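The next block holds one structure in the form of structure tokens; read it before the comments.
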Amino acid sequence: SQQGEEDPQALSIQEGENATMNCSYKTSINNLQWYRQNSGRGLVHLILIRSNEREKHSGRLRVTLDTSKKSSSLLITASRAADTASYFCATDLDNFGNEKLTFGTGTRLTIIP
Amino acid sequence: DTEVTQTPKHLVMGMTNKKSLKCEQHMGHRAMYWYKQKAKKPPELMFVYSYEKLSINESVPSRFSPECPNSSLLNLHLHALQPEDSALYLCASSQDITIQNIQYFGAGTRLSVL
């Protein structure tokens, strides 16, 4: 019962450029999280944004949330080779309103040195 | 220490074998999770334990049997698996089952069923 659809599915940019990933979801949420996953490894939490927040920053990360459009975006500024990974949004409710962390389809980001 | 440790890192098993995956955390977390992740797909929740009791079973086939011997350990017992069960199995923990809590993931066990 996947909630989030992310786009693009894959993104390749030059080191130093900014990367933007988008997440759309279907039902109301209480909060939305972003996680990073390096190839074949576990996920690492990046940032959590609550439904009453519109924007949040953490280092080179900027997350926005538009609950009216049911969408969120993750911006990584001044990208580095180490940012190469898959990025997942995760909502706290699935399509049926059950409380569980439900991941989007993910964006595979490649930073070209 | 924010580490969740999973063993083994890789596992190859035949369809008649019995094996176990192990997960350990020492953060004092009272919620632990098993996820299954196929290649290029998002993780899918399998089981949730809260205070060592099974809280959620996402209709997982009985050939997967979870166990939580104590608050730091989580096992996943495997028996008579099918080739389509080959995947990355991820363990995670959080402070408690409250959905706003951040989940901390292990590096996963890559399972191949022959």
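The values are calculated or read from the model by the stated rules, or taken from the named source; none is laboratory data. For clarity, every value in this text was computed on a predicted model and none was experimentally measured. Heads up, the Cβs are rebuilt from the backbone with ideal geometry, glycines too, and the neighbour counts pull from every protein chain shown.
Output the strands (runs of 3 or more DSSP E) that fall wholly within the range A:45-113 and possess 1 or more residues being more than 9 Å from chain B (Cβ to nearest Cβ) and touching a helix residue (DSSP H, G or I) at 6+ places or on another chain (Cβ under 9 Å), or say none.
Because the criterion is at least 1 residues that are more than 9 Å from chain B (Cβ to nearest Cβ) and touching a helix residue (DSSP H, G or I) at 6+ places or on another chain (Cβ under 9 Å), the strands (runs of 3 or more DSSP E) in the range A:45-113 that meet it are A:71-76, A:107-112.
Take the residues of the range B:73-94 that are among the hydrophobic types (A, V, I, L, M, F, W, C) and over 20 Å from A:H45 (Cα atoms): which is farthest from the other protein chains (Cβ to nearest Cβ)?
Checking each candidate, the answer is B:A80.
Return the residue satisfying two criteria in turn: it lies in the range A:30-44 and is among the hydrophobic types (A, V, I, L, M, F, W, C) and at the interface with another protein chain (Cβ under 10 Å from one of its Cβ atoms), and of such residues it is surrounded by the fewest Cβ atoms within 10 Å (Cβ to Cβ).
A:V44
Return yes when B:T5 is over 19 Å from A:F103 (Cβ atoms), surrounded by fewer than 18 Cβ atoms within 10 Å (Cβ to Cβ), over 14 Å from the mean Cα position of the chain (by Cα) and not hydrophobic (A, V, I, L, M, F, W, C) and no when it is not.
So B:T5 fails the test.
I need the full set of residues from the range A:1-28 which are in a loop (DSSP other than H, G, I, E, B) and at pLDDT 90 or above, in order please.
A:P8, A:Q9, A:E15, A:G16, A:E17, A:N18, A:Y25 - these are the residues of the range A:1-28 that are in a loop (DSSP other than H, G, I, E, B) and at pLDDT 90 or above.
Would you pick out the residues in the range B:30-72 that are part of a strand (DSSP E or B), of a type in the set (F, W, Y) and more than 14 Å from every other protein chain (Cβ to nearest Cβ)?
Correct list: B:F64 only.
Restricting attention to the range B:5-20, does a residue exist that is under 17 Å from A:L43 (Cα atoms), modelled with pLDDT of 95 or more, of a type outside the set (A, V, I, L, M, F, W, C) and assigned to a loop (DSSP other than H, G, I, E, B)?
Yes: the range B:5-20 contains one or more residues that are under 17 Å from A:L43 (Cα atoms), modelled with pLDDT of 95 or more, of a type outside the set (A, V, I, L, M, F, W, C) and assigned to a loop (DSSP other than H, G, I, E, B).
Looking only at the range B:41-57, which residues are touching a strand residue (DSSP E or B) at 6+ places or on another chain (Cβ under 7 Å) and not aromatic (F, W, Y)?
B:P42, B:P43, B:E44, B:L45, B:M46, B:V48, B:S50, B:E52, B:L54, B:S55, B:I56, B:N57
Where residues in the range B:1-29 are among the polar types (S, T, N, Q) and out of contact with any Cys (no Cβ under 9 Å at 6 or more places or on another chain), which of them is farthest from the other protein chains (Cβ to nearest Cβ)?
Of everything passing the filter in the range B:1-29, B:T16 is farthest from the other protein chains (Cβ to nearest Cβ).
Looking only at residues in the range B:95-114 that are at pLDDT 95 or above and more than 9 Å from every other protein chain (Cβ to nearest Cβ), which one is nearest to B:G14 (Cα to Cα)?
Here the answer is B:V113.
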